[in-house]
Amino acid sequence: MTTLMTLDEYLRPDPNLRPPRPCPEFIPHPLPSLASREMSLHSAVSVHGYLPINGRKVWYESMLERCCGVLARLRLDVVSIAEQPPAIEYVDDDGRRRPHVFDFKFDTTTLGRVLMAVKPSDRVVKSGVDRIVELTREQLSPSVADGVGLFTEEALSVVDLFNADAVNMATRDPCPEDDAVLDKVLRKLKGEITIGELAESSKLGGCGFDAVVRAIDARKLRLVEYGQLDLDAVVVRPSKKD
């Protein structure tokens with residue numbers, strides 16, 4: 001049986017939703033990108049934009065690049081991320097010197113400086129980027145970087161995709177008020193705890209999960225084991241060695 005709703009009931013604010021947040025008078029602008037060339041937001045075939053990582057703009061020119069950047073910043077060994085680093089030169093199979101700009105340069109504590117090419121798997125062979133990566137890896141000077149890699153969607157696991165989506169959703173609308181509330185909880189945190197338990201302890205309701213994910217993204221927390229960022233995932237405050 002259908003129950004009719006009055007106009008007053010229809011217009012009544014949903015008690016489960018927060019009131020609109022006031023717009024701050026001042027929003028700090030992220031630090032400029034480290035890219036070696038100017039990035040455009042205009043494209044008819046791909047999604048362009050930037051991620052704020054460590055307070056700095058990191059541009060992407062496809063959803064695959066965005067996913068690569070998001071997953072890189074979740075890694076504890078990645079210290080800094082720069083997109084479109086300066087071009088490197090390599091000698092091709094015909095003996096000609098060629099310039100090439102990689103999509104990312106990652107500074108890591110485990111692998112050193114890594115240049116990363118990002119390309120959909122169905123375009124790898126046609127673009128020749130696989131051979132460029134091979135030649136660059138053979139010829140690369142240690143003064144430029146320590147390694148070269150190729151990132152395609154085939155490298156993504158179900159867990160990676162889930163976590164990238166979780167971080168995207170949690171960080172697309174920053175909420176410093178919630179982060180400040182969670183920070184107070186984290187100061188008292190000792191030992192391991194699940195994301196669900198921590199979100200409940202924050203008393204932020206449905207916004208608690210996103211606050212915890214942002215804390216993980218900001219490296220205030222880390223996963224105890226590699227896995228999905230869901231309510232059952234176990235996290236801990238990073239030690240000085242992490």
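The values are calculated or read from the model by the stated rules, or taken from the named source; none is laboratory data. It should be emphasised that the depicted structure is a prediction, and the values quoted were computed from it without experimental measurement. Backbone-built Cβ (ideal geometry, glycine too); neighbour counts: all protein chains shown. All accessible areas refer to the heavy atoms of the entire protein, side chains included, with ligands and DNA or RNA removed. Shrake-Rupley method; radii C 1.70, N 1.55, O 1.52, S 1.80 Å.
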For this session: State the Kirkwood hydrodynamic radius of segment 146-219 in Å, one decimal place, computed from all pairs of distinct Cα atoms.
Result: 13.8 Å
Exercise. For the chain, which whole-number percentage of the solvent-accessible area (1.4 Å probe, protein heavy atoms only) is attributable to carbon and sulfur atoms?
Worked result: 55 percent
Exercise. So how far apart, in nm, are the two label points at E197 and N54 if each is 7 Å from Cα heading toward Cβ?
Worked result: 3.2 nm
Problem set entry | FRET efficiency estimate (nearest 0.05) - Cβ-Cβ, M169 to V234, R0 22 angstrom | 0.60
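With every protein chain left in place, what is the accessible area per residue of the chain in square angstrom, probe 1.4 Å?
For the chain, the solvent-accessible area averages 65 Å² per residue.
Give the shape of segment 60-123 as rounded, prolate or oblate, defined through the alpha-carbon gyration tensor: a ≥ b ≥ c are the square roots of its eigenvalues, a/c under 1.5 means rounded, and otherwise the shape is prolate if a/b is larger than b/c and oblate if not. List each step's numbers first, then the result.
Details: a/c = 2.47, a/b = 1.50, b/c = 1.64.
Oblate, because a/c is 1.5 or more while a/b does not exceed b/c.
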Exercise. Cross-link list K119/K190; K57/K220; K203/K240; K105/K240; K105/K188: which exceed 32 angstrom alpha carbon to alpha carbon?
Worked result: K119/K190; K105/K188
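Of all alpha-carbon pairs in segment 92-157, indicate the percentage at a distance above 20 angstrom. Spell out each step's value before the answer.
On the way: 625 of 2145 pairs.
Of the Cα pairs, 29 percent sit more than 20 Å apart.
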Exercise. Considering amide H positions built from the backbone, and no H for Pro or chain starts, which residues 5 or more places from V47, or on another chain, come under 5 Å of its amide H?
Worked result: M63
For this session: Take the Cα atoms of the chain, find their three principal axes, and give me the spread along each one in whole Å, biggest first.
Result: 77, 46, 42
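How much mean residue ellipticity at 222 nm does the chain get from its helices, if each DSSP H run of length 4 or more adds -39500 (n - 2.57) and you divide by all residues, to the nearest 500 deg cm²/dmol?
Working: 8 runs with 79 residues, N = 242.
After summing the helix terms and dividing by residue count, I get -9500 deg cm²/dmol.
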